[in-house]
Amino acid sequence: MALQGAGLLCLLALGCLGFGQADVQDIWGDDEEICLIQSKRRAKEAKEMSLEDAIQKAGELVKQLTFDEKFGLVKGVAYSDGDFNPPFGFFVGNTAAVERLKIPTLNLQDNGQGYRTTQKPIIGQVTAWPSTLAVAATWDRDLGYEWGQALGDEFFPKGGNVVLGPGLNVHRVARNGRNVEYLSGESAYLGSELVGGYIKGVHSKNVLTVMKHFIVNSQETLRSFVNPEVSQKALWEVYYPPFQASIDAGCLSAMCAYNLVNGIHARANGDTMQRDLKDVMGFKGWIMSDWWALHSFAAAEGLDQEMPGNSPGDLPMNQVYFTKENLQTLPQERLDDMVTRILTPVVRYGLMEHPVCNPADGGCLEEMLKVNVRTAEHQALARRMVAESASWGGETSVRAAALVILLKNEDEVLPISSNVKTIAVLGSACQPEDNTEEMLNQWDLGNYYTVGGSGRVIPKDPVSILQGLQQLSTAKVVFDLSDDWKASVALAQTAELAVLCGATTSAEGRDRPNLKVDQEAFVVKVAQELKIPTVVVTLIPGAIVMPWIAHVDAALAAFLPGEATGLGIAQVLLGTTNPGAKSPVTFPLNESDAIAPCEPPEGVKFETPDQSFPCPYDEGIMAGFPHYEDKKVQYPFGHGLSYTTFSYDDVTVVETASEGCDAKACVTVQITNTGPVAGAEVVQLYLVFPEDLGQPKKGLLRGFQKVNLPAGASKKVTLKLWEKDLSTYSEEKKGWVYSKGPFHLRIGSSSRDIRLTRSF
Ligand code: BGC
């Protein structure tokens, strides 16, 4: 099959962001003909250089570049004008290579759950990982590193040397269509603690990370026009910390958000980009625009790169501003600063020594469309992330990194007893119909395993909950997938236990219409009618409401868990895995308890860049889980049960170095597995500041540790409180102020299951 053909096809406009399936088929034939080449170029571990050396080396390179070469770095290349899609064989974003200086192209590819499946042949060649929010539910710092490495190992052989992730925005709006792409869940601290591993893992494979979306990208409803009115205090305490943590972990690239921030678009906001991110947080990398987010030439405000760099027609929202003419108006130092910032991570993380393919002239077609990076190892990791494969009664050396959250388990209905001879699996969500073709035709369509939009990784033959049970259960499995409650109830009469499924998905570009699962009426009715023990399993992109919960015995939830969904969930149901996940979001009692997306005034059409509508963040620093602190909730932030029980004893607080504490305070607590089987607990510490500081009354997450314990075993867990953990942001002083306390500590198994308290 002639690769030159691809060059010609590069000129064609290709469909939607599902990207020209017809043309892919023309070149590669149908599925059967696609020869999968097992990844042959494994990235090597990178030798990391210091930031100072990297900046200096990047600066030296910049001195050797011509203006045209700089132009090829600060603006995306390759999309042909008039098109919303990259040409065939190009990435979601690309810069030009400077071959004489060995500067490779930057091949930018999306990642919400792995390498974005922009063309049909890629499906099944890459791992459809669990969503980023699902990974947050593991509260497992080490897993972030492992996953980051695996992502690097997939992107690099596929030709991608820049991962357009992690997404880090702290959840404000429960219905936000992209919450599932965000690692922070409802807590800046959780995101800050988990992101470092991800970033270092990806970088270790000579691939860059891009933290996004900077900043307050809290909703998708009219995302380019919404104007969050947010205090400095909320920015610094709630929304910025995961970005600061990424910088601290070595991230040297950021993507700005589409929305405005206090009246100015995030992509042209000198306050957030230049002052806060670069000057105050010390970010030495580059800021790229989100795709077509620019509505002015914003280099003076701190933007360093425009993406994707073309103008698809006369649309006012999609013009290009990083033109040669505009760039020539900049002082030389600023242009050089922009390019230095882009080249700093390239130099630091070994991209020059580990070049990827150059998409120009079809140079990446083989990598993109033929290389199979979904190794057996990665498939096993994807499954382990859903549910650890260790035997729950035996091996305890293996981390319980399960992301399946056990929300409720009355009368120990779970794990399913071996006395249960027949399990009834009920509801279409237990085995959703394959919508791969529809997804390929609509870029922002998701399913119950993956989010819709740029973060989507379409799984090939994902394992459904029904299939997982059929494969792993020794009991007979009967099923009804019709969502007809009468049929389900009738079938359940032949079984001793029912697994009832509900699910919903979400997408970029729009918020969820409500917090319901798609089959809510069915789930409620069946739950009410069934007379046998009933377990509800939900696959969801964030918080949901659960009007069925009082009628069922047990409930599990997982956030769009990717290709291994059913296997992992079956392991938890059957007890080969003991769940160890904790919810990174609150499940509210009623939808009206959650913050809704801001809506514009009725009847106004939003079409031009000068339009906006206000979105007051009146809750200030109470965004995220503290928003619910005075409300009853269904399940609180940090909640997640286990098949065993844990006791919390002997808490001590040490504040001095002489006693071996190198932080401001070291909190030690003894955890004992008091139940019958091995399990994992996430010890959580909530810190209450002195009242006059106006912080959440029930405290902020300021420490956690996941511990694995065999039945009967104990472990001392030490949680360290650093100066930054004990500080609040002062608008008056324009900085962090360390508080000497007194502090109140609340230590427990969730934000509302507090087992021990102390003051210091
Ligand atoms: C999204 C980004 C994404 C970019 C490139 C935008 O629509 O907001 O998150 O990285 O597209 O696909």
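The values are calculated or read from the model by the stated rules, or taken from the named source; none is laboratory data. Source: prediction; values computed, not measured. Every residue, glycine as well, gets a Cβ built from its backbone with ideal geometry; the counts of neighbours run over all protein chains shown. Accessible surface areas use protein heavy atoms only, side chains included; no ligands, DNA or RNA. Shrake-Rupley method; radii C 1.70, N 1.55, O 1.52, S 1.80 Å.
The aspartates and glutamates within cross-link reach of Lys408, meaning a Cα-to-Cα straight distance under 13 Å and a gap of 8 or more places when in the same chain, are Asp553.
The HN-Hα couplings worked out from phi for the range 140-153 by the Karplus form 6.51 cos²θ - 1.76 cosθ + 1.60 (θ = phi - 60°) are 10, 5, 5, 5, x, 5, 4, 5, x, 4, 5, 5, x, 5 Hz, whole numbers, x standing for Gly and Pro. Overall, the chain carries a charge dipole of about 1620 debye about its Cα centre when +1 sits on the Cβ of Lys and Arg and -1 on the Cβ of Asp and Glu, all other atoms neutral. Residues whose amide H falls under 5 Å from that of Gln305, counting only those 5 or more places apart or on a different chain, are Ile287, Ser289, with hydrogens built in the peptide plane.
Here the dipole of the range 50-100 is about 60 debye; that uses its Cα centre as origin and unit charges on the Cβ of Lys and Arg (positive) and Asp and Glu (negative).
In the full protein context, the chain carries 35 Å² of accessible surface per residue, based on a 1.4 Å probe and ignoring ligands, DNA and RNA.
Just need the Rg to Rh number for the range 204-338, please, alpha carbons only, Kirkwood Rh. Using Cα coordinates only, the ratio equals 0.96.
By accessible area, using a 1.4 Å probe on protein heavy atoms only, the chain has 50% of its surface on carbon and sulfur.
What residue among Gly575, Gly167, Met281 has its Cα farthest toward the positive end of the dipole of the chain, where the charges are +1 on Lys, Arg and -1 on Asp, Glu, each on the Cβ? Result: Gly575, furthest along the dipole toward the positive end. Relative to the globular-protein estimate of 2.2 N^0.38 Å, the Cα radius of gyration of the chain stands at 0.93. Centroid-to-centroid, using Cα positions, the range 555-604 and the range 263-327 are 34 Å apart.
In this structure, the amide hydrogen of Ala507, modeled 1.01 Å from its nitrogen in the peptide plane, lies closer than 5 angstrom to those of Gly452, counting only residues at least 5 positions away or on a different chain. Using a simple spin-label model with pseudo-atoms 7 Å out from Cα toward Cβ, Glu599 and Glu659 lie 5.5 nm apart. For the set Asp593, Asp618, solvent exposure ranked by accessible area (probe 1.4 Å, protein chains only) runs largest to smallest as Asp618, Asp593.
The 3J(HN,Hα) values that the Karplus relation (6.51, -1.76, 1.60; θ = phi - 60°) gives for the range 694-699 are, in residue order, x, 8, x, 5, 8, x Hz. Gly and Pro appear as x.
Taken along the Cα-to-beta-carbon direction at a fixed 7 Å, the label points for Met49 and Glu353 span 1.0 nm. Binning the C-alpha pair distances of the range 168-255 at 10 Å intervals from 0 yields a P(r) profile of 18, 50, 27, 5 %, listed from the shortest bin outward. Karplus-based coupling profile of the range 731-744, in residue order and whole Hz: 5, 5, 8, 6, x, 7, 10, 7, 9, 8, x, x, 10, 10, with θ = phi - 60° in 6.51 cos²θ - 1.76 cosθ + 1.60 and x standing for Gly or Pro.
Ile287 contributes an accessible area of around 0 Å² to the protein surface, as traced by a 1.4 Å probe with all chains present. Surface listing: Ser80, Ser506 arranged by accessible area from highest to lowest gives Ser80, Ser506, probe 1.4 Å.
Of the listed pairs Lys421/Lys531; Lys120/Lys200; Lys582/Lys697; Lys158/Lys278, which have alpha-carbon separations greater than 25 Å here? Cα-Cα > 25 Å for Lys120/Lys200; Lys158/Lys278; rest within. Note on Ser750: accessible area approximately 0 square angstrom, rounded to 10, probe 1.4 Å, nucleic acids and ligands left out. Hey, what did the chain get for relative contact order, percent, Cα under 8 Å, at least 6 apart? Computed over the chain, the figure is 15 percent. Each of Phe743, Ser730, Thr757 was scored by the projection of its Cα onto the charge dipole of the range 720-760, and the greatest displacement toward the positive side belongs to Thr757; charges sit on the C-beta of Lys, Arg, Asp and Glu. Rounded to the nearest 20 debye, the dipole size of the range 241-398 about its Cα centre is 240 debye, using +1 on the Cβ of Lys and Arg and -1 on the Cβ of Asp and Glu.
Could you tell me which of rounded, prolate or oblate describes the range 296-345, using a ≥ b ≥ c as the square roots of the eigenvalues of the alpha-carbon gyration tensor, with rounded for a/c under 1.5 and, failing that, prolate when a/b is larger than b/c and oblate otherwise? The shape class here is prolate. Structural size metrics of the range 459-532, computed from C-alpha coordinates, are Rg and Dmax of 14.6, 44 Å.
Accessible-area rank, largest first, for Arg223, Arg510: Arg510, Arg223, with all protein chains present and a 1.4 angstrom probe.
Give the separation of the Cα centroids, the range 76-112 to the range 137-191, in Å. Result: 23 Å between the Cα centres. Counting only DSSP beta bridges whose two residues both lie in the chain, roughly 55 percent are antiparallel. Close amide-amide hydrogen proximity is noted between Ile595 and Ala174, each under 5 Å apart and 5 or more residues distant or on a separate chain (H modeled in the peptide plane; Pro and chain starts excluded). State whether the range 592-746 is rounded, prolate or oblate according to the following rule on the C-alpha gyration tensor (a ≥ b ≥ c being the square roots of its eigenvalues): a/c under 1.5 gives rounded; otherwise a/b larger than b/c gives prolate, and the remaining case gives oblate. Cα axes put the range 592-746 in the oblate bin.
Using heavy atoms of the protein chains and a probe of 1.4 Å, the accessible area assigned to Glu659 is about 130 Å².
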